[in-house]
Amino acid sequence: MPCDGAYFTSSPYTTSLHVNTDSQQNLWTVSAQCETSWDCSHHCWNHQCGYYYDLPTDCSQCLPPGSPDLDDGWGWGWWNIPAQYGSCLDWCPQTCYNTVTCNACSISDTYSMFALSDKTVYKKSCSDPLCTSCSAYNACPNAGNYYYSVSCYATNYNGYGSYWSATASGTYTLTFTDDIAPPFSYSAGSSIQIGRSMAGNGNLVNTIVSNPVDHSLDKDFVTFYRSSGSSFSWLSLGSSNGNIQVTSSVSTSAGTYSIVYCARNRRSKTTCATLSITVYDSYVSNSPAITSLHENTDALKNLWTITGKCDITYTCGGFTCSALPDCDSCTVSNTQNFFAMSGTHTVYKKECTTPLCDTCSVSNYCANRGETYTYTVSCVRTNTYGYSGFTTGTASKTVTLSFFADVNPPFAFESSLGSAINIGKSIPGTGQMVNRIFSNPEETTDDNDLNIYYRSSGDNPAWLTVVQDTGEIKVTSALTSETATSMSMVMCAENRRHQKTCQTLNITIYYTSITNNPSIVRLHENTDRDKLLWTVTGTCDITYQCFSVYTCAETHVCDSCVVTDTYKFFYIDEPAHDVHKKTCLKPLCEPCSISDFCVNEAETYTYTVDCVKTNYRSFSQFTTGHAVRTPSLYFYTDIIPPFKYDYGNNIVVFQNNSYKDTIINKIISNPVDESDDNDEIFYYTDREPRPSWIHENILFVLDTSNGFVKVNKTLEFEFSYTFDMRLCVRNRRQFINCDTFDITLWACYQTPNCTDQEILDLKDTHGIYGHSNNKSLFQMIYPQPTYHFPNFRNTWSNLTWTLDNGGFIESTINPLTGEIYLTQNISIWPSWPTRHYIETVTVANSESCYTTTCQMDVTIWYTNWKPRISSLPAQKSLHEDTDAETWLHNLEVYDYNYDRPADGHALEDNSTCWIEYVFDQWGENDMELFELKEDPNNPKRWNSYSLYKRECRVPGSPYTPPCGYKRENFTCPKHTGCMTHNVTQWYDVSIRCRDGYGAEDNRNFSFYPVHNVAPTYRNLPKSITLNVKTGSEHDIIFSTMYRDAENENLTYEYTFVKQGGGDVTYFKGDPSGNYFNQLGNVSLTTYMYETPNATYKILICGHERRNEICEYLTVDFRDYCGPTPECRSSSTTVTSETPAGTVIFSVADLVTNAALYTSMEFSLTAQYANMFDINSATGVVKTTSKLTASYPSTAYSLNAFVTDVNSCGFYSVCPLSVVVTYINFVRIIVVGRIEIDTFQTISYIMLFSHPIFAYV
């Protein structure tokens, strides 16, 4: 059967054009091959003949023209095949085929935009060139794809019958690429300046440059416009040429503005750019330095040196440019012609032609308060640059100058004197200046002013004047008749504008006076001696020249006085100003005369004192006042002299101690009744005593020279009797006083006596139980009466005994029996070996006049007892890590010599104690381990010594603590005050004490260093498995927790080993950690994703000061690990009474999706871990004891850890918080009492539900 086919042998050479291609454009010269067919039936050799010619025998196959069915290979056609071959031919109907060049083509498209000319496909010319809204029907495309179809076939140019040609056809695409935004730039840049002085006649200030044709086929144009930003009526833009021009006066104020200009092509593609326009305007850039002046500014005054900016325009590079230089020429204008210019920039106010006016006129260039004058300055810029097309703006400013009011003038009195002055009444009054008003009315440098001065109101003494022009205040007449002590007046200063300021001047007038009175105005008539009557004090006013020109006044204590009187009875002692009465020339006179400066009773004498102040500083123009006083002195009458007997009005005289001239009494009478009383006494007997019994003797007599009453005769033979006497005294002024006294005479009895005794061998143990129980020392030995009234009595009436123990304080005497005995144990320490006492015994009798003494001589021998160390325990212990000096024991030494409660250990035998040896278990004497210290403030006493373990000091060690760590093999050297339990477990320590006399005691105790307990790991498993798919750098694969009794931090050391050998770089470990919340973490050093399965062993060693623990952790790297359990935090509240064993958390309940995990394990850490316990399998947390708390509550923090057997050792932390509320038992109710016996009562009380008993 025939084979149908046709195909193109060329393709479009243009498949894309610019969208603005308005011209005709060839796209493709078409060439194609077409399959043709026609009827070519023919004879065909049969199969019997075909072998001759090797021809095909199957006519069913399609043969091309020229095949052997037409040509026999010999050049014979079937029609001319020899007849002999005819029998070999058969008629074969057949269609022939051939591929030829297609010679006929056509084109079709939707918009008729394409055409074909002699096999050339082309895009037609745009019938609407430069269109902005284009149509493909006009052959004016828009951006996008346009499709056209081409068909080609072969014509039957050979006239074949049954001819057929295949058609080559295809649809093709022509893409019109979109236009692009046009380029954009400003010829004069994107920032320009425009001055307001620009003429506005089309000045070109910038141009937009934009070529929209971006391709050779691009047929385009551009339009310029303002898009946004500022819009100015005076600024135009050429839409076709992009010229930016100023077309009218610039009406916009100075500033920087932005306008967005755009360039748009035919396809509405737009490019925009901002043009920054700075509008320049001329301005005065400063303000007047002076805008207000004092109304008294009469002088010419510069107000303002003007500075300004003037905008200018000029031609530059085809454009009109602007600038803003400084203005260089200024003028001023004002209505009153009050202002003028100096040079080109300085404005000034003109000078007032009527200075010091009080009401001024501007026509004279003078001003008044509150007036304001306006003036305008205008400045331009001259073309000093030589610019072409130059213009300048004018900078103008209108300002005002105001004149402020004058003020009240200042006012001050002379600063050295002030507003309160003193004027002494002694001032001469001849124009002395006592003050001055100072007032500078010119409060500013511009103020041209002057003042007048006057008194406004108040006191107006005739003697005081104020000078109007100068303000001087003067005293112009004497103050003779002035009685006032103070004055007040108002003084004023007034300026040219009649402003005034006034102040009060206070004047104190000083007077002269005596300021005190005589201290004595009455005296005893017997005052014969010189007598100070009065230390005169007076106040004297003085005046003098001060501060060069002033007269000052002061008041002083008068320093010079004189006294006058009729009899010259008085004188004054200078400079003390002491007024005296003179000494009586005839003391003890009776009667007396004033001519002798002596007086009698009731006499009065008058005197005058006059005081002044001397010129103590040599003042110029000095004056002083006089202080005068005339007092009197009165003399009052003497009195009767006193009288009494020194030994009373009743006396007893004993025969045995009174002899002739023995004084038995004396008269006490002082006639001087006061210190000034110069008096004398006379003694006499008004009545003598009666004669004595039997012998008729006058036994007692008065000595009139001294008032003593004496025994007149011996009393040896006198018996007891009573007597009385009346005696008298008389003084200088004849006043008399008398009195009587009684005398009882007694005879004396015999004086008792006692015998000296001695004990030379008394032991200090005398009187101590178990040694010598007898406390008695002496029994008195004394004779019975043998003479003096032997027939009356031969025994002593009543003997009494007293003891002077001579320092033997332990002894005393029975006052009735005379026995000397001990009251306490004897102590003679520190005397040794003996101490000697002499005691004195005094014996007296109630009927005797005298006493007798005897001596007891005692020698005591010291008994020294051995001291005893009484407090040392049998053993002591201390933790081996105790490095600091540590107190162990206070030593107490008991000494029997002074073991008495009464001593209170106040006295005792001196004891000296020391450490004799410190043998360790190996026999080495480590004396440096302990020290026995003596209290320097309490030496050698029973409690003076304290035992210390010495500070651990290792010479040369730079560490703290100095030893005991791994670097020292966990040991400390001996003889350094340090301990090592692993080296020495015990010491035998010997302490010896010796008293002051050589007796000693020795005690030993055993000392045990307490071992540092080794830490233990709490959670170290044998192995963990890591999922290498999730392991990453810094991941913590295991956190080491441990317990340590001493709460020491561990230093970790790690050894990483790979099973089978090889380097290990996957792990790192934290070097240290503490026991409760800073864990020893082992973490990864790299990302593990590509790591092959392997097994590693990590030897984790942790050491503290004395111990090291090591365990292996096996880490298996596997490509899978199960998930790690995740848990949340939790908190609970209990009380301080919550019992031990209470469940407070179930950590398993805090795990999210706990059922997903095969076998979870739980652990716990806390700062107070001993108070809590966790079940590792169930996660139940219980208390191990009651939880302590402080009011109102205490919080405990715990961390629970949860992992799963398939979690490769990874875990989660569950923060737990326990708040313990403090329970305070305060409510107590007493519900009953139980009587137990007569001495005790039990009260029982109920505290909530718990009974508590207490003894009352």
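Numerical summary
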item: Accessible-area composition of the chain, carbon plus sulfur, in percent [1.4 Å probe]; result: 50
item: Only Lys, Arg (+1) and Asp, Glu (-1) charged, at Cβ; the chain dipole about Cα centre in debye; result: 2860
item: Principal axis dimensions, largest first and in whole angstrom, of the stretch 946-1088 by Cα; result: 89, 30, 28
item: Angstrom value of the Kirkwood radius, inverse mean 1/r, which spans all Cα pairs in the chain; result: 55.8
item: C-alpha center-to-center spacing [the stretch 299-362, the stretch 197-268] in angstrom; result: 40
item: Karplus-derived HN-Hα couplings along the stretch 627-640 (A = 6.51, B = -1.76, C = 1.60, θ = phi - 60°), whole Hz, x at Gly and Pro; result: 9, 10, 8, 10, x, 9, 10, 10, 10, 9, 7, 5, 10, 5
item: Karplus-derived 3J(HN,Hα), 6.51/-1.76/1.60, for each residue of the stretch 427-436, Hz, glycine and proline x; result: 4, x, x, 10, x, 5, 8, 9, 5, 7
item: For the stretch 807-841 and the stretch 1029-1050, distance of Cα centres in Å; result: 82
item: Dipole-positive endmost among Thr1051, Val843, Ser187 within the chain (Cβ charges, Cα centre); result: Ser187
item: Scattering profile of the stretch 327-422 at q = 0.18 Å⁻¹ [log10 I(q)/I(0), Debye over alpha-carbon scatterers]; result: -0.90
item: Probe 1.4 Å - accessible area at Glu482, Å² to nearest ten; result: 30
item: Distance histogram in 5 Å bins (all Cα pairs of the stretch 446-559, percent per bin); result: 2, 9, 13, 15, 13, 11, 8, 7, 6, 5, 4, 3, 2, 1, 1, 1, 0, 0
item: For the stretch 1044-1161, accessible area per residue (1.4 Å probe, heavy atoms of protein chains only), Å²; result: 51
item: For Glu414, solvent-accessible area (1.4 Å; no DNA, RNA or ligand), Å²; result: 30
item: Accessible area expressed per residue, the stretch 554-632, with surrounding protein chains retained (probe 1.4 Å, Å²); result: 53
item: Largest to smallest principal axis extent of the C-alpha atoms in the stretch 627-669, angstrom; result: 74, 17, 14
item: Cα→Cβ-extended label distance, 7 Å offset, between Ala1195 and Phe547, nm; result: 7.6
item: Overall dimensions of the stretch 245-318 by Cα: Rg and Dmax, Å; result: 22.8, 79
item: Per residue value of the accessible surface for the stretch 666-733 (all protein chains in place, 1.4 Å probe), Å²; result: 50
item: Helical contribution to [θ] at 222 nm, DSSP H n ≥ 4, -39,500 (n - 2.57), averaged over the chain, rounded to 500; result: 0 deg cm²/dmol
item: Amide H partners (placed H, <5 Å) of Leu872, local residues excluded; result: Glu892
item: Straight-distance crosslink candidates among aspartates and glutamates, where the alpha carbon sits under 15 Å from Lys301 and sequence neighbours closer than 8 are dropped; result: Glu351, Asp446, Asp447
item: The stretch 534-637 pair-distance distribution - Cα-Cα, 5 Å bins, rounded %; result: 2, 12, 19, 16, 13, 11, 8, 6, 5, 4, 2, 1, 0, 0
item: Positive-pole candidate from Val954, Pro939, Ser268, dipole of the chain, charges at beta carbon; result: Ser268
item: Sorted peptide list for 171-179, 503-511, criterion being average Cβ within 10 angstrom, highest first; result: 503-511, 171-179
item: Relative contact order (%) - criterion: Cα under 8 Å, at least six apart; region: the chain; result: 4
item: Zone residues, the stretch 207-221, relative to Gln25, backbone N less than 13 Å from point 7 Å out along Cα-to-Cβ; result: 214-220
item: By accessible area with a 1.4 Å probe, ligands and nucleic acids excluded, highest first: order of Trp861, Trp801, Trp914; result: Trp861, Trp914, Trp801
item: Charge-dipole axis of the stretch 1096-1169 as Lys and Arg at +1 and Asp and Glu at -1 on Cβ define it, positive-most pick from Phe1162, His1103, Val1134; result: His1103
item: Over the stretch 540-673, relative contact order from alpha-carbon pairs under 8 Å, at least 6 apart, %; result: 23
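The values are calculated or read from the model by the stated rules, or taken from the named source; none is laboratory data. Not measured: the values here are computed from a predicted model. A quick note on method: Cβ atoms are made from the backbone with ideal geometry, for glycine too, and the neighbour counts reach across all protein chains shown. All accessible areas refer to the heavy atoms of the entire protein, side chains included, with ligands and DNA or RNA removed. Shrake-Rupley method; radii C 1.70, N 1.55, O 1.52, S 1.80 Å.
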